[in-house]
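K.L.:
I'd like to ask some things about the structure below.
The values are calculated or read from the model by the stated rules, or taken from the named source; none is laboratory data. All of these numbers come straight from a predicted model, not from anything done at the bench. Cβ sites come from the backbone with ideal geometry, for glycine too, and all protein chains shown count toward neighbours.
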Amino acid sequence: MREISVFDVIGPNMIGPSSSHTAGALRIALMARRLVSAPIKKVRFILYGSFARTYKGHGTDRALLGGILGFNAEDKRIRDSYRLATEAGIEYSFEPNTTEQAIHPNTVRIIMEDEAGNGADVVGVSIGGGNALLKQINGIDISITGNYQTMIIMQKDEPGVAAHVTRCFYEENINIAFLNIYRQRKGEIAYCVIEADNELTQSLVEKVKELPLVRQVTVIQL
């Protein structure tokens, strides 16, 4: 994967000094939006550290909206993401938080909702060179880079889910590179994150969904 400079991300009208504030921010939002199955109608961006202090000057705001709109890092429409988000009927806000100090300097919390009020609450960090890391989903600590084909399974924390999922991958001849399960409390909601070497097919997704303990399946293929 080639490195993405800030010039690739936002063009001459949005140039900033660091890809961490633009390409990385866009990558966070692009991954986060996949966690909402219906079109997003409302999104809050809570910005921390240097994101909170410089988001307007460095184009972080436009990059985050661009990611929510599904733009890739080279899409020139990022420059017009405010207008395009409004035209898409998305209500958005940016809320800088400069009081919390014990946090990565390039951190954003993204709270998304669809028309029915369903959504996701995601925390992501821009880690340099256009790369990003999702650190939290709905209050549960996770770790997702998007560098692999990634499946995120929201499940009931009960026996049998991991066995079902790995069997589905085997049947589809898809090799698992990494598998991690994250939870807050035993027996409640957990997230199974699988990073794979092959494309994650729709037939695989449908097989995984067949288990009643599986609540939602999200695929991230950047």
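Quick grid of which residues meet (1) at pLDDT 95 or above; (2) more than 20 Å from the chain's Cα centre (by Cα):
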{"residue": "Ala132", "(1), (2)": "no, no"}
{"residue": "Ile137", "(1), (2)": "yes, no"}
{"residue": "Gly146", "(1), (2)": "no, no"}
{"residue": "His164", "(1), (2)": "yes, yes"}
{"residue": "Arg167", "(1), (2)": "yes, yes"}
{"residue": "Cys192", "(1), (2)": "yes, no"}
{"residue": "Leu200", "(1), (2)": "yes, no"}
{"residue": "Pro212", "(1), (2)": "yes, yes"}
{"residue": "Ile220", "(1), (2)": "no, no"}
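K.L.:
Gln221 - would you say it is touching a residue at least 60 places away in the same chain (Cβ under 8 Å) and closer than 26 Å to Leu69 by Cβ?
P.N.:
Judged against the criteria, Gln221 is a match.
Quick grid of which residues meet (1) assigned to a strand (DSSP E or B); (2) within 14 Å of Ala23 (Cα to Cα); (3) among the charged types (D, E, K, R):
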residue: Ala38; (1), (2), (3): no, no, no
residue: Val43; (1), (2), (3): yes, no, no
residue: Lys56; (1), (2), (3): no, no, yes
residue: Ala85; (1), (2), (3): no, no, no
residue: Arg109; (1), (2), (3): yes, no, yes
residue: Ala116; (1), (2), (3): no, no, no
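K.L.:
Just to verify a result, which residue in the range 129-140, among those that are touching a helix residue (DSSP H, G or I) at 6+ places or on another chain (Cβ under 9 Å) and not in a strand (DSSP E or B), is surrounded by the most Cβ atoms within 10 Å (Cβ to Cβ)?
P.N.:
Of everything passing the filter in the range 129-140, Gly130 is surrounded by the most Cβ atoms within 10 Å (Cβ to Cβ).
K.L.:
Taking Tyr182 as the residue in question, decide whether it is under 29 Å from Arg109 (Cα atoms) and either acidic (Asp, Glu) or not assigned by TED's automatic domain parsing to the domain that holds Ala29 (or both).
P.N.:
Judged against the criteria, Tyr182 is a match.
K.L.:
Could you list all residues from the range 36-73 that are over 16 Å from Gly24 (Cβ atoms) and crowded, with 23+ Cβ neighbours inside 10 Å?
P.N.:
Answer for the range 36-73, where residues must be over 16 Å from Gly24 (Cβ atoms) and crowded, with 23+ Cβ neighbours inside 10 Å: Ile40, Val43.
K.L.:
Follow-up. Looking for something closer than 16 Å to Val217 by Cα and at pLDDT below 95 - is there at least one such residue anywhere in the range 109-118?
P.N.:
Yes, the conditions are met somewhere in the range 109-118.
K.L.:
Now, a different point. Quick one: which of Ser126, Ser143, Ser203 is without any contact (Cβ under 8 Å) to a residue 60 or more places away in the chain, in a strand (DSSP E or B) and either surrounded by 16 or more Cβ atoms within 10 Å (Cβ to Cβ) or not assigned by TED's automatic domain parsing to the domain that holds Arg27 (or both)?
P.N.:
Answer to the selection: Ser143.
K.L.:
Do you know which residues across the range 170-199 are of a type outside the set (D, E, K, R) and either exposed (fewer than 11 other Cβ atoms within 10 Å of the Cβ) or over 13 Å from Ile153 (Cα atoms) (or both)?
P.N.:
Selection gives Tyr170, Asn173, Ile174, Asn175, Ile176, Ala177, Phe178, Gln184, Gly187, Ala196, Asn198.
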